[in-house]
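Enquirer: What follows is a single structure, and I will ask about it in a moment.
The values are calculated or read from the model by the stated rules, or taken from the named source; none is laboratory data. What you see is a predicted model, and the numbers here were worked out from it, not measured in a lab. No Cβ is skipped: glycine too gets one built from the backbone with ideal geometry, and neighbour counts run over all protein chains shown. Keep in mind that these areas ignore ligands, DNA and RNA; they rest on the heavy atoms of the full protein, side chains included. Shrake-Rupley method; radii C 1.70, N 1.55, O 1.52, S 1.80 Å.
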Amino acid sequence: MKVLFFAQSRQITGCDNYRLKTDQPVTESEFWALLVKAFPDLASQQKTARLARQETYLQRDELLQPNDEIAVIPPVSGG
């Protein structure tokens, strides 16, 4: 699964994308557990960041597939 990072999540991870290895579908909480294992400082983003799959915000209880592209989108303030 390809994970894209934006704004604060990019600063925390130090990269703009990451290949998360999973060979089976995962829930949103399982996804976060795997991601935080790779990037422990991302735990601070888990409650406020939104996830998008293929450019559409993830709905509750959706399973993420191994070939999905997932974006981690932190809250954005405008001006």
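Enquirer: Counting only protein heavy atoms and using a 1.4 Å probe, what share of the accessible area of the chain belongs to carbon plus sulfur, as a whole percent?
Expert: Of the solvent-accessible surface of the chain, carbon and sulfur hold 48 percent.
Enquirer: Per residue, how many Å² of accessible area does the range 33-79 show with a 1.4 Å probe?
Expert: Accessible area per residue, the range 33-79: 70 Å².
Enquirer: Based on the Cβ-Cβ distance from Asp61 to Asn17, what FRET efficiency comes out when R0 is 25 Å, to the nearest 0.05?
Expert: Efficiency computed from Cβ-Cβ geometry: 0.45.
Enquirer: Taking only Cα atoms and a 10 Å spring cutoff, compute GNM fluctuations for the chain and point out the largest among Thr13, Thr22, Thr56.
Expert: Among Thr13, Thr22, Thr56, the largest GNM mean-square fluctuation belongs to Thr56.
Enquirer: If you don't mind, there's one more thing I want to ask. Work out the length of the dipole vector of the chain about its Cα centre, built from +1 on the beta-carbon of each Lys and Arg and -1 on the beta-carbon of each Asp and Glu, and round it to the nearest 20 debye.
Expert: Charge dipole of the chain: 200 debye, to the nearest 20.
Enquirer: Tell me, what does the Kirkwood hydrodynamic radius of the chain come to in angstroms if you use every pair of distinct C-alpha atoms?
Expert: 12.6
Enquirer: Now for a different question. As I understand it, the value is the acute angle between the Cα axis of helix 28-38 and the longest principal axis of the Cα atoms of the chain; what does it come to in degrees, rounded to 10?
Expert: Relative to the chain, helix 28-38 is tipped by roughly 70 degrees.
Enquirer: While we're here: Please work out the FRET efficiency for the pair Arg50 and Gln24, using the Cβ-Cβ distance as r and a Förster radius of 22 Å; give the result to the nearest 0.05.
Expert: That pair, Arg50 with Gln24, gives E of 0.40.
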